[in-house]
1. Return the residue satisfying two criteria in turn: it lies in the stretch B:1-21 and is open to solvent by 10 Å² or more (accessible area, probe 1.4 Å) and at the interface with chain A (Cβ under 10 Å from one of its Cβ atoms), and of such residues it is modelled with the lowest pLDDT.
2. Being at pLDDT below 95, open to solvent by less than 10 Å² (accessible area, probe 1.4 Å) and of a type outside the set (A, V, I, L, M, F, W, C): is that true of A:Thr254 here?
3. Between a residue in the stretch B:65-88 that is under 10 Å from B:Val55 (Cβ atoms) and any residue that is among the small types (Gly, Ala, Ser) and in a helix (DSSP H, G or I), which pairs come within a Cβ distance under 9 Å, given they are 6 or more apart or on different chains?
4. What pairs come up if the first residue lies in the stretch A:281-293 and is facing chain B (nearest Cβ under 10 Å) and among the hydrophobic types (A, V, I, L, M, F, W, C), the second is in a loop (DSSP other than H, G, I, E, B) and open to solvent by 10 Å² or more (accessible area, probe 1.4 Å), and their beta carbons are under 9 Å apart, counting only those six or more places apart or on different chains?
5. If I filter the stretch A:356-372 down to residues being touching a helix residue (DSSP H, G or I) at 6+ places or on another chain (Cβ under 6 Å) and surrounded by fewer than 24 Cβ atoms within 10 Å (Cβ to Cβ), which single residue comes out as farthest from the other protein chains (Cβ to nearest Cβ)?
6. Is it true that A:Gly350 is in contact (Cβ under 8 Å) with a residue 40 or more places away in the chain, in the same structural domain as A:Arg367 (by TED's automatic domain parsing), in a strand (DSSP E or B) and open to solvent by less than 40 Å² (accessible area, probe 1.4 Å)?
7. State which residue is nearest to B:Pro345 (Cα to Cα) when the search covers only the stretch B:294-308 and only residues that are open to solvent by less than 10 Å² (accessible area, probe 1.4 Å) and more than 9 Å from every other protein chain (Cβ to nearest Cβ).
There are 2 protein chains.
Amino acid sequence: MALRVGVIGGGQLARMMIAPAVELGLDLRVLAEDEGMAAQLAATEVGDYHDLEVVRAFVADVDVVTFDHEHVPQQVLRALVAEGVAVHPGPDALQFAQDKLLMRARLEELGVPQPDWAPVRDASELQAFLDEHDGQGVVKTPRGGYDGKGVRVVRAASEAQDWLDGLADGEALLVEELVGFVRELAQQVARRPSGQIVAYPVVETVQREGVCAEVIAPAPHATDRLAQVAEEIGRSIAEGLGVTGMLAVELFETDDERILVNELAMRPHNSGHWSQDGAVTGQFEQHLRAVADLPLGDTAPHAAWSVMVNILGGPQSGSLGERFAGAMEAHPSAKIHTYGKAPRPGRKVGHVNVTGDDLDDAVYVARAAAAHFD
Amino acid sequence: MALRVGVIGGGQLARMMIAPAVELGLDLRVLAEDEGMAAQLAATEVGDYHDLEVVRAFVADVDVVTFDHEHVPQQVLRALVAEGVAVHPGPDALQFAQDKLLMRARLEELGVPQPDWAPVRDASELQAFLDEHDGQGVVKTPRGGYDGKGVRVVRAASEAQDWLDGLADGEALLVEELVGFVRELAQQVARRPSGQIVAYPVVETVQREGVCAEVIAPAPHATDRLAQVAEEIGRSIAEGLGVTGMLAVELFETDDERILVNELAMRPHNSGHWSQDGAVTGQFEQHLRAVADLPLGDTAPHAAWSVMVNILGGPQSGSLGERFAGAMEAHPSAKIHTYGKAPRPGRKVGHVNVTGDDLDDAVYVARAAAAHFD
């Protein structure tokens with residue numbers, strides 16, 4: 001019987017696991033939040049992942065559990081593990097992707113380079129941090145943020161007063177040094193439960209309004225030293241935190257040539273979508289191999305350059321499908337991936353991958369093809 | 001709403017359309033012959049494709065109909081077309097893939113190079129053909145043959161007596177010249193209903209006991225002239241026969257440097273599986289684009305060489321899945337595709353694709369990875 005991989009969450013990351021699961025002969029089963037979600041084709045259950053009984057019923061029919069997102073509560077995950085369910089990544093690793101204060105503390109223990117940071121419980125603690133950092137900082141809610149939500153640049157403690165007021169007893173906000181970065185990078189690695197790790201080339205990511213807009217693989221002008229440092233950071237975090245499956249490490253490259261860890265994601269990540277069409281083993285296949293504890297695949301790129309451009313929002317009226325013919329006709333080398341989602345301003349509804357020997361050409365084609373869906 | 005593509009037949013070709021359909025956002029629906037077939041994940045109906053009522057009910061919910069195989073009867077196809085259903089390839093084209101005598105006559109009209117051939121109704125007609133062709137020939141049943149079945153090399157009319165005895169009134173066998181070929185090639189092209197055609201590079205195919213065993217893309221030592229002639233043959237057949245979707249033309253390369261058409265398939269074909277991992281647009285995506293009348297994708301290879309090796313039969317005991325870890329660990333660059341079928345001697349249960357700059361290496365890795373599943 002085929003190995004059954006259960007994915008909690010029915011979004012586009014679960015959807016993009018379907019293609020490699022079919023080819024590998026894995027039986028992919030998805031617990032979706034609602035009917036008609038992106039991963040609908042593989043959805044075997046619909047229910048609330050906060051509810052242990054719902055999750056327990058779903059995992060009864062799978063061999064290994066993994067995730068479309070990092071929002072499944074620790075108490076649910078720990079109950080499953082206690083009952084002998086194979087959960088990858090497990091709660092001990094996932095807590096560091098769920099709580100940014102825990103992450104910062106653990107990365108400090110591991111000696112991983114990161115921005116200055118502090119937990120702050122009130123305005124005076126926050127103001128003290130700002131005073132020590134040129135009067136500015138980035139305040140983050142430790143939990144629940146994504147795509148720029150839960151992140152605020154402040155130049156006075158009063159600018160975070162609403163969040164401070166909302167803290168319960170024992171809670172804190174995270175404040176970080178506002179890093180003078182020249183660009184953002186991302187390092188993907190995959191790690192199996194049995195310990196094997198493979199690394200993808202470090203990539204450059206371009207964000208717009210806190211949301212990933214474009215990715216170039218490998219990062220242009222990346223020196224061997226930079227690529228090596230990024231890979232070592234990825235490997236040491238995967239090992240140090242016991243991550244299983246794909247790990248994405250978002251990085252700042254500073255104007256003084258340092259690399260600092262920004263955020264972590266323990267799942268396939270937008271910064272790795274290029275690998276679907278640009279690498280021997282795409283990140284969705286790699287994630288499945290890793291969580292199933294199968295030997296990991298070759299991460300080598302197919303071409304000199306791969307460019308990914310997100311389709312954000314989608315057309316103001318109608319469906320993505322109506323724009324297909326125009327994009328395909330103008331750009332036969334563009335690989336268009338859609339998430340089966342209704343267009344909505346700012347929503348990630350698809351992406352375009354282009355590979356080639358010439359970076360400028362690949363960027364042009366990927367942007368032009370994606371623009372057909374605006 | 002997503003475009004709905006209905007596939008008649010639930011085998012591995014339908015299965016391998018699932019991955020690109022998900023990424024393109026097409027709603028793939030499959031009429032499977034039985035429960036639990038290769039394309040099970042996308043199966044929306046189970047029933048007999050010979051039964052017009054079954055097929056009519058299936059196609060009521062789709063926008064375009066295509067096929068996993070060529071066995072749907074003409075009367076079923078023609079009834080659908082008469083009712084306004086978009087069928088690709090249509091019955092006028094598909095008849096030439098269903099009946100080899102029709103195909104030979106039509107290719108002769110088109111002036112496409114092919115072996116000498118004749119329809120034979122009795123032993124004296126067959127013997128007369130053999131006498132004119134060095135006393136030997138290849139006898140074929142015009143309908144229903146595949147993977148070497150329905151094909152027999154004979155050196156006397158009596159060797160086909162059983163088939164001759166089985167002919168109904170008005171039926172004939174096909175006899176062809178036994179071509180002294182140096183190797184077999186295959187040319188894939190895709191054609192849209194609106195007329196656009198794209199061609200893949202000509203490939204070399206290696207058969208064992210009448211079944212495709214290996215494919216190398218592009219065909220080694222293929223001169224520009226040979227590649228051009230093969231492409232022109234593919235294009236002229238697609239146009240001349242009005243094929244929509246993928247067309248595979250199996251070719252003989254003779255010792256006197258001619259190229260002769262052996263067989264046709266109007267669907268994704270084993271000789272094109274390499275393109276899943278070796279070309280910008282794989283044949284399964286291309287078939288979907290073509291039958292949906294979407295602009296066709298770039299057929300350029302990713303790498304200098306792509307090699308496909310079939311997994312034939314599978315392990316004598318257990319499942320393919322049990323052999324995965326060994327194959328993956330030894331060959332991280334091998335792309336293993338499985339069909340969700342139980343192992344059985346001679347059955348195609350999966351294949352391995354490998355791409356690279358060095359042909360010998362790619363052949364070695366693909367064969368070695370496939371051998372893990374023996």
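1. B:Met1
2. yes
3. B:Val85/B:Ala79
4. Hits for this filter: A:Ala292/A:Leu3; A:Ala292/A:Leu26; A:Ala292/A:Asp63; A:Ala292/A:His88; A:Ala292/A:Arg192.
5. A:His372
6. Judged against the criteria, A:Gly350 is a match.
7. Step one: filter the stretch B:294-308 for residues open to solvent by less than 10 Å² (accessible area, probe 1.4 Å), giving B:295-297, B:306-308.
Applying the additional criterion that residues be more than 9 Å from every other protein chain (Cβ to nearest Cβ) yields B:306-308.
Working: B:Ser306: 26, B:Val307: 23, B:Met308: 19 Å.
Ranking the candidates gives B:Met308 first.
Yes/no matrix, rows are residues, columns are (1) over 26 Å from B:Pro89 (Cα atoms); (2) out of contact with any Lys or Arg (no Cβ under 9 Å at 6 or more places or on another chain):
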position: B:Arg192; (1), (2): no, no
position: B:Val206; (1), (2): yes, no
position: B:Ala219; (1), (2): yes, no
position: B:Arg225; (1), (2): yes, yes
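The values are calculated or read from the model by the stated rules, or taken from the named source; none is laboratory data. Note that the structure is a prediction, hence the values are computed from the model and not measured. Positions of Cβ are backbone-derived with ideal geometry, glycine not excepted, and every protein chain shown enters the neighbour counts. SASA here: full protein model, heavy atoms, side chains in, ligands and nucleic acids out. Shrake-Rupley method; radii C 1.70, N 1.55, O 1.52, S 1.80 Å.
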